[in-house]
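Everything below concerns the one structure shown next.
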Amino acid sequence: MLLQISWRNIWRNPLRSGLIIVAIALGIWAAVFTFAFSFGMMESRTRDILETQISHVQFHHPEFEREDPGSNFLPLSQELIEKVENDPATLTSTARYLANGILNSTKGRKGTFPVQILGIQPANEAEVTSLDNRIIAGGYFEKEGRRVPEVVIGKSLAEEIGALTYDESGKEIYDFKRKITLSNIQLPNSSSAAIRVKIGGIYKAQNSQLEKLQVFINKDDLLRKLNLGTEVHEIAALIQDGKTLSKEKKVSYQKDLQESQSTVVKQLTKKIRSQSLIFGSLPSVDEGWTAEVVINKVMSQKMQLMQDSAIRTDRTYKISGFSLNEEDEKTFTVYPTGIIDDGDVKPAVYMPKGNMLYEADLIGKPMRITKAETEKIKNIKLESEAKMVAQTVKVESWSDLAPEIEVIDNQFSSSMRIFVIIILLALGFGIVNTMLMAILERTRELGMLMSIGMNKAKVFTMIMLETVMMTFIGAPIGMALAALTISYTGQTGIDLSGLETGAEFGMSSMVYPSIPITYYGEVAVMVIIAGILAAIYPSLRAIRLKPAEAVRAI
Amino acid sequence: MLFKIAWRNLWRNKRRTFITMASVFFAVLMAIFLRSIQEGVYDQMIDNSVRYYRGYVQVHQNGYWDEQFIDNTFEDSPELQQTLENEKEVRVVTPRLESPMMVSTGSNSRFSLMVGIDPAKEDQITRLKGRIVEGEYLEEGDKAIVVGVGLAEKMKLALGDTLILLGQGYHGQQSYDQYPIKGMVKFGSPELNKRMVYLPVKEAQYLLASPDRLSAYAMDVSSRRVSGKVVEQLESKLDSGTYEVMDWQEMDAELLKFIESDRAGGMVTMFILYILIGFGIFGTALMMISERKYEFGVQIAIGMKKIQLAYILIMEMVFIAVMGVLAGAIVAIPLQYFFHANPIDLGKDMAKVYESFNIEAIIPTSTDPSIIIDQAVFVLIMTLLIMIYPISKLFRIKPIEAMRG
Amino acid sequence: MKPNIVILLLLSLIMAGGAMAQSSADILKTSEEKRRGIESSTAEMSMTIIRPSWTRTMSMKAWSKGEDYSLILITGPAKDKGTATLKRKKEVWNWLPRIERVVKLPPSMMSQSWMGSDLTNDDLVREVSLITDYDHKKLADEVVDGRKCWKIELIPHDDVAIVWGKVIMVIDQKDYLQLRTEFYDEDDELINVMKASEIKTMGGRPVASKLELIPQDEEGHKTILEYKSLEFDKKVPEAFFSVQNMKRAK
C-alpha cells in the first residue's frame, strides 16, 4: 500500500525524481570510474616496473648483492632453472649472469663508465622483461656466437659515449660501429677480464640512470668469452597473477626448494668421506682467499666455540704458528663456518684447498689458537656441489625486491578510499539538497496527507521508500554506465599526454581504466547506504511539518 | 529596483535559498578538501624525500652538481653562512662535505658515500638522530663514524669496530684514516643503508685534506612552495660565478615528474567530482525554477518582461552562488588546518609498512591558500554556467500553463 | 682506456742490441723478447701530476719481477711516505702506514685514479700483447730528438678488448727505445700521447728517463714520470712481493 503510494509519488513529478535518479546514477558512475581510472593508472605503472624490471619472483644466492654479484652464484643452477621453468605457476622465466665492469670508449668524459653487465638469455629475457620491445634502434641479439659479441646499451649511455648524436634538426643518428670494450669484468676468483664488444641495439628504460647502468649481452657469449661454465646469479620469473600472488607463490617455491635440496644435501654430505658436517656450513668458495674454515669437533670443544646452539660467526679467530711452505710461520685470521666430525681426537682446522695465505687484517677481538692446538691443518678439496648445497636459495617476491612500489601502491589505495568517501559525501549532499527541495515543494501535499490522518511514521517511511526506490533505479543505471565507460576507455585508453605526465621518465601517458569485479558490489552497497542516509534528514524534515501550516503554504 | 526585488526574493523563501546555497557550499567544500588532500599527499611525499637527504635548497660551488668531486668544493666562509641564515624563509642551514670513499676492514672493501656533517644541524633537516637504531649519534669533535645498517651487516661489523676510509682527497691527495663505529642508522631505502657513512664535518675536512671546504650547504625552508623564491633570492645575493643554488625540483627531477604525472591523474578525479557537484547544483537550481513556475507565470501575466525576470533571477543566482562559495571557503580554512594538525590516520597495518620507510602513515592536508581561491573561483564560475540552463527555461514559460500548473 | 703503465714502463727500458730488424712485427717482437728478458728491475723515480689549478710531485721506489709482480713505495712527500702498492698477478693491495693497515682493492675500485694521477689502478694490472693483439704496419721513418726511428702503426684485432682505433709507436732504431706512442680513436682523433725523452744510461743500459702521459681531451692535465736510478736483474725473490713485506719495504 505505502509502497504503491511511494512508487506513484516518484512518477508524479518526473523532473524531480529524474534529477535524483540521475544524481545517484552519476554518483555511482563517478565512484566506480574514479576508482577504475586510478586503479588502471596504478596498475599500469606497477606492471610497467614489474614486467620490464623486477619481475614477480627472483631467485638468488642468499649472499647475493646486486652491486657486487661476485661469485654468489645460484647453487645447482641448471636444476634450479629447470625447476622454475617447469613449475606450473611459472609463466616464463629467465636466468642471468651479472657482473660489474667498466665500459670503455674513447669518447665521452674520461671514456670510462662503470656499468652493470647482464648476461641474459635473449629469448627468455624478451618474454620476461620485453627488452626486445624496448629496443629503439638497432637489433636485438640477432646472432649468437659472434667473435665480437653484441651488446644492447641504454639510450643515455649511447649519448654519453658518442654512439648517439643529433643532427641540426634534432634527428637521432646512431653509430653502431663505435668501438667499445667491457673491462674490469669481475670474475669469480676476484680477478677481472676485459672483452671487446660491439653495439647491437639501443634500449629505452624507465629512467636514465638505468639506461646508463645496464648493459645487456648474451649470457652464453659472455660466459664463453670469460671461460666460465654455466653459472648464473639470478633467475627472474613472471607467474600467473604475479602482482597479487607473488608472496604466496614465493613461500611455495621456497618450500619446494628446501625439500629437494635437503635430499641433495644428505647425499652430498655423505660424499665428503667420513668428514660429515655436524654444524654450520662448509666454506663457501674453494678458490681465492676467503678466510673461511671448518674445524673439527675436538677443536670446537677446545675453543668453546659451539655453545649448544650457535656458532659465533661474528667473531674471527687467529691461527698462528702455522706454515704451509715451510718457509716462514704465518699468522692469519679465519672465520669458522662449520664443525665437522672427522673422528680425530686431535684438534684440527680444515680450509679449502687453493687458499693462498695472504694475511688478512684483524676484525674485532680475535681468539688466539696457539700452535699446540693447531696440530693439524688439512686442505680439503670440496666437491663443487657440496659447497653449494650447504646454502639455500633465497626466493624473493617483487614486494621484497622493491618495497617502495608496495608503499606507493598502499598509499594509492588509501588515498583512493578517501577520494571515494569524498565522492560519496558529494553525492549524499546532492541527494539531501534535492530531497529537501522536493519536500519543500511538496509541503502542501504532505500537509494534506497528514491532515487526512496519515501518521508521521508512515510519512517518514513513505519518503524513505521513495528514496530507496530511486536509489535502486539509479544504481543499476550508474553501474551499467560505469561498466560501459570502463570497458570502452579500457580498450581505447585515456590519453593524458596533454597534461604533464612524466612520460619522459618512462611512464606511459595512456591510462587504461580497469577494476576488480567485486568492486562494483562494494560501491553499489556504499552508494545505497549513502542514499538511505541522505534520505533520513529530508524525511525527518517532512514529518516535522505542521499539517495546518503546511496546507496553507504556497 | 530589480536588484532589490532579487534581494527580497531571496529572503521570501529562506529555506529554498539556503538549500540552494548549501549545494554550492558543499561543492566548494568538497572541491577544496579533495585538492587539499591531493596536495597534502604530495607535500608529504616531497617532505619525506627531501628530508631523506637533500634538503629543500642547496648551495654548491658552481659546476659541482654536474661534476661532483672533491676539487669542485667551495671554501666555507662565515659571511656565506650568515647570508644563507639571514634569508627569510630559511629555517636551518647545514654544512656538508661529501665524497665517495672506499670503506674497508682490510680484507673486505666496498664503496660508500662519506658525508661530513654538522651533527646537530643535520638532525634538524634530515632527522638523522632519530634514525639511529644502534649505538649513539655523532657529536661535534667525535673522531668516529655512523654507518648505515646495511653496510654494517654486509661487512659483518659491530659497534666499536674500526673501519678504514680510503679515497682521493683534495687535489688528488691520497686520503685515509680509520674510525670506530659509534652508531648505525637505518633508512627506508636499502640503497642508503648499504652506502652511507657519516662523520663530523671538521673530521671529514681533515680526512680529505680540504680544511674549510664544503661540497654543499643544505637548507630547510618553511614550505616547499617557497623554495623557488629562496633560490631566486639567494641567486641575486651570491656571486653566480662562484656558487650555484638549487632547490629540490632541480635536484630531484624524477620526484617532480612523478608528482606531476600523479597530479594529472588527480585532475581526472577532480573532473569527476566537478561533474558530480555540478549536477547537484544543477538539480537544486532546476527544481527551484520549476517550483516557482506559478510565481513566474503570474509575474509575466501582470506585465513583467521575461528579460527583466531573467535579470532578477540571475541576480538571485549570483547572490546565492557568491554566498555559497564564500561560506564554503570560510569553512574550508579551519577544516584545512584541522586536518593538517590532525591528519587522516591510515591505520595500524599501513603504519607498519610506512614505518620501515620512516614515513608516518598519515595524510595531512595541505594548507596552501591558493587551493581555496582556485577552487572557490572555479566553483563560482561553474555555478553560474550551470544556472544558464534553468534560466533559459524561464523564456519557455507560457504564463497560462504555468499558472494552471 | 689508459695505456698500460706496465707495458709502457717496461718498454721504455728496452735495451740496445740485436740485428737490425726488418718487419714491424719483428721490431716489436724484438722489443717483446727484450722485455721478457728483463727478469726484474728496481727503480727510483718521481711522479708529477699536473692539473690546471695545481701540481704535485711524489717520489717513489718501484720493484718489479716479470709481469706478475710489482711493488711501489712512496718515499715522499712526508705525508704519503711509506704508502705502498703491491701488485700480485691481478690483485692489488695498499699499505697505509699512518694507520698501519693493509687494504686489498676490490675490483670495483680498479677504475679509480692511482694516487690521483692520470693512471688508474686498472692500468697497473691490465695486460695486452703488442704482438698478437694487433696488426702491424711500418710507416715512413721519423727522426725524434735526433734519433732515427721506426714508425709503426698498430691496429688492434677486432675481438681484443682494446678501444683504440689505432696506436702509433715511434721506436728508436738504435736502442729500441719507444720514444713516442700515440693513441687514436676510430675517428682518427688523437686521444692520448705518451712521450719518452732524456735518454740516459742507467743500470748499464740506455733508458729514456722521462715519460710523459698527456691526455689530449683534458687541457692542462699531464702525468710525468722521471727515473732517478734504475737497476736490472737484481735478484729479488718472489717472497719480496708479499703483503708482509710491503710493510717493511724501504
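Mind checking which residues of region A:155-186 are under 33 Å from the mean Cα position of the chain (by Cα) and free of Cβ contacts under 8 Å to residues at least 60 places away in the same chain?
Within region A:155-186, A:155, A:156, A:157, A:158, A:159, A:160, A:161, A:163, A:164 meet the criteria.
Select, from B:344, B:314, B:259, B:333, the only residue that is crowded, with 20+ Cβ neighbours inside 10 Å and in contact (Cβ under 8 Å) with a residue 24 or more places away in the chain.
The unique qualifying residue is B:259.
Identify, please: which residue in region C:171-200 is within 16 Å of residue C:214 (Cα to Cα) and of a type in the set (Val, Ile, Thr) and is, among those, surrounded by the most Cβ atoms within 10 Å (Cβ to Cβ)?
So, considering only residues that are within 16 Å of residue C:214 (Cα to Cα) and of a type in the set (Val, Ile, Thr), the one surrounded by the most Cβ atoms within 10 Å (Cβ to Cβ) is C:181.
Mind checking whether some residue in region A:159-182 is within 23 Å of residue A:70 (Cβ to Cβ), buried (at least 23 other Cβ atoms within 10 Å of the Cβ) and either of a type in the set (A, V, I, L, M, F, W, C) or more than 12 Å from chain C (Cβ to nearest Cβ) (or both)?
yes
If you check residue C:154 against the conditions, is it closer than 30 Å to residue A:183 by Cα, at pLDDT 85 or above and more than 14 Å from chain B (Cβ to nearest Cβ)?
yes
Restricting attention to region A:491-508, and to residues there that are at pLDDT 65 or above and within 14 Å of chain B (Cβ to nearest Cβ), which single residue is nearest to residue B:266 (Cα to Cα)?
A:496
Inspect all residues belonging to region B:248-257 and state whether any of them is in contact with a Lys or Arg (Cβ under 7 Å, 6 or more places away or on another chain) and among the charged types (D, E, K, R).
yes
How many residues does region B:260-296 hold that are under 17 Å from the mean Cα position of the chain (by Cα) and more than 8 Å from chain A (Cβ to nearest Cβ)?
2
Could you go through region B:297-306 and let me know if any residue there is among the small types (Gly, Ala, Ser) and within 10 Å of chain A (Cβ to nearest Cβ).
no
Output the number of residues of region A:26-53 satisfying the condition of being at the interface with another protein chain (Cβ under 10 Å from one of its Cβ atoms) and within 27 Å of residue A:94 (Cβ to Cβ).
Going through region A:26-53 one residue at a time, the tally reaches 2.
Could you tell me whether residue A:17 is under 30 Å from residue B:278 (Cβ atoms), surrounded by fewer than 22 Cβ atoms within 10 Å (Cβ to Cβ), within 14 Å of another protein chain (Cβ to nearest Cβ) and out of contact with any Pro (no Cβ under 6 Å at 6 or more places or on another chain)?
Here the answer is yes, as residue A:17 does meet what is asked.
From the set of residues in region C:170-181 that are in a strand (DSSP E or B) and under 14 Å from the mean Cα position of the chain (by Cα), which is nearest to residue A:104 (Cα to Cα)?
Selected residue: C:181.
In region C:216-241, what residues are crowded, with 16+ Cβ neighbours inside 10 Å, at pLDDT 85 or above and not aliphatic (A, V, I, L, M)?
C:221, C:222, C:223, C:226, C:227, C:240, C:241
Inside region A:414-427, can you point out the residues that are free of Cβ contacts under 8 Å to residues at least 60 places away in the same chain and either more than 7 Å from chain B (Cβ to nearest Cβ) or closer than 13 Å to residue B:269 by Cβ (or both)?
A:415, A:417, A:418, A:421, A:422
In the set B:32, B:37, B:46, which member is within 9 Å of chain A (Cβ to nearest Cβ) and among the hydrophobic types (A, V, I, L, M, F, W, C)?
B:37
Condition check: more than 28 Å from residue C:206 (Cα to Cα), modelled with pLDDT under 80, within 14 Å of chain B (Cβ to nearest Cβ) and surrounded by fewer than 22 Cβ atoms within 10 Å (Cβ to Cβ). Does residue C:97 satisfy that?
Answer is no for this residue.
Can you name the helices (runs of 4 or more DSSP H) wholly within region B:1-104 that have at least 2 residues being in contact (Cβ under 8 Å) with a residue 24 or more places away in the chain, over 21 Å from residue B:244 (Cα atoms) and of a type outside the set (Asp, Glu)?
B:2-12, B:14-49
I need a count of the residues in region A:192-251 that are of a type in the set (Val, Ile, Thr) and either under 17 Å from the mean Cα position of the chain (by Cα) or surrounded by fewer than 21 Cβ atoms within 10 Å (Cβ to Cβ) (or both).
Total satisfying the criteria: 5.
Given the conditions (1) farther than 28 Å from residue A:541 by Cα; (2) touching a residue at least 60 places away in the same chain (Cβ under 8 Å); (3) in contact with a Phe, Trp or Tyr (Cβ under 7 Å, 6 or more places away or on another chain), which single one is not true for residue A:407?
Every listed condition holds for residue A:407 apart from (2).
Quick one: would you say residue A:27 is part of a helix (DSSP H, G or I), over 24 Å from residue A:251 (Cα atoms) and at pLDDT 85 or above?
no
Regarding residue B:268, is this residue surrounded by fewer than 20 Cβ atoms within 10 Å (Cβ to Cβ), hydrophobic (A, V, I, L, M, F, W, C) and in contact with a Ser or Thr (Cβ under 9 Å, 6 or more places away or on another chain)?
yes
For every residue, the table says whether it meets (1) crowded, with 23+ Cβ neighbours inside 10 Å; (2) of a type outside the set (D, E, K, R).
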position	(1), (2)
A:65	no, no
A:68	no, no
A:78	no, yes
A:90	no, yes
A:95	yes, yes
A:101	yes, yes
A:106	yes, yes
A:112	no, yes
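Filtering region A:114-132 down to residues that are polar (S, T, N, Q) and within 16 Å of residue A:214 (Cβ to Cβ), which residue is surrounded by the most Cβ atoms within 10 Å (Cβ to Cβ)?
Per the stated criteria, the residue is A:129.
For region B:209-310, which helices (runs of 4 or more DSSP H) that fit wholly inside it have 1 or more residues that are over 21 Å from residue B:54 (Cβ atoms)?
Output list reads B:227-237, B:253-291, B:293-301.
Looking at this structure, is residue B:199 under 30 Å from the mean Cα position of the chain (by Cα) and either in contact (Cβ under 8 Å) with a residue 12 or more places away in the chain or more than 20 Å from residue B:44 (Cβ to Cβ) (or both)?
no
So which of B:85, B:75 is within 30 Å of residue C:112 (Cα to Cα), in contact with a strand residue (DSSP E or B) (Cβ under 7 Å, 6 or more places away or on another chain) and more than 10 Å from every other protein chain (Cβ to nearest Cβ)?
Every option except B:75 fails the conditions.
The values are calculated or read from the model by the stated rules, or taken from the named source; none is laboratory data. Because the structure is predicted, anything quoted here is derived from the model rather than measured. Every residue, glycine among them, receives a Cβ derived from its backbone with ideal geometry; neighbour counts consider all protein chains shown.
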